[in-house]
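Input: a single structure, listed below in structure tokens.
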């Protein structure tokens with residue numbers, strides 16, 4: 001699962017894994033566990049480059065895990081190596097939402113290091129623009145703007161089953 005922050009990668013990923021009887025892995029959670037600090041603190045203390053390298057290493061470790069649903073961080077797709085690893089032997093689903101919906105969903109959280117600034121909506125739009133081409137490389141793109149978790153999960157399951165039966 002790839003997509004911008006606030007699109008539902010973790011919550012949908014967990015629900016999808018449960019429905020398919022698979023294990024769920026959240027890349028950001030692994031990084032936080034290993035570093036013993038939040039993503040926000042990693043960005044603050046060591047910078048985005050350091051975080052992106054940790055992210056790359058964890059993706060490399062887990063991307064070949066069988067029978068697993070993996071949720072990446074929103075910027076993981078920026079690295080071509082990550083995109084390559086994720087696509088190899090996996091089915092990549094990108095969750096999207098409008099910038100306004102993303103802002104609404106994440107407005108109560110203060111732990112988003114890339115959204116520090118006076119106008120988070122402008123930052124969201126800029127980041128989405130920079131990442132859009134990478135997100136488009138996904139096998140399936142699902143808009144989560146108006147759907148609830150169950151609807152989004154069902155849409156992905158339906159497409160997954162359709163593709164699995166044609167393989």
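The values are calculated or read from the model by the stated rules, or taken from the named source; none is laboratory data. None of these values were measured; they are calculated from a predicted model. Neighbour counts run over all protein chains shown; Cβ positions are idealised from the backbone, glycine included.
Here is a check on your reading of the model: is residue 70 closer than 13 Å to residue 28 by Cα and outside any helix (DSSP H, G or I)?
Considered against the rule, which asks whether it is closer than 13 Å to residue 28 by Cα and outside any helix (DSSP H, G or I), residue 70 comes out as yes.
Would you point out the residue of region 43-56, among those that are over 30 Å from residue 160 (Cα atoms) and either free of Cβ contacts under 8 Å to residues at least 60 places away in the same chain or over 18 Å from the mean Cα position of the chain (by Cα) (or both), that is surrounded by the fewest Cβ atoms within 10 Å (Cβ to Cβ)?
49
Is it the case that residue 65 is at pLDDT below 95 and either in a helix (DSSP H, G or I) or over 30 Å from residue 148 (Cβ atoms) (or both)?
When the stated conditions are applied, residue 65 does not pass them.
Which residue is surrounded by the most Cβ atoms within 10 Å (Cβ to Cβ), if the candidates are limited to region 8-36 and must be in contact with a helix residue (DSSP H, G or I) (Cβ under 7 Å, 6 or more places away or on another chain) and under 17 Å from residue 53 (Cβ atoms)?
Only one residue fits best here, namely 27.
Given the criterion under 30 Å from residue 67 (Cα atoms), more than 16 Å from the chain's Cα centre (by Cα) and at pLDDT 90 or above, identify the matching residue among 158, 125.
The match here is 158.
Kindly provide the set of residues from region 18-58 that are in contact with a strand residue (DSSP E or B) (Cβ under 6 Å, 6 or more places away or on another chain) and either in a loop (DSSP other than H, G, I, E, B) or under 25 Å from residue 98 (Cα atoms) (or both), ordered by number.
Listed by number, the residues that qualify are 22, 26.
Name the residue, out of 117, 75, 147, that is at pLDDT below 95, under 13 Å from the mean Cα position of the chain (by Cα) and either over 18 Å from residue 10 (Cα atoms) or surrounded by 15 or more Cβ atoms within 10 Å (Cβ to Cβ) (or both).
It is 75.
Of the residues 5, 1, which single one is modelled with pLDDT under 95, closer than 20 Å to residue 128 by Cβ and surrounded by 18 or more Cβ atoms within 10 Å (Cβ to Cβ)?
Unique residue meeting the criteria: 5.
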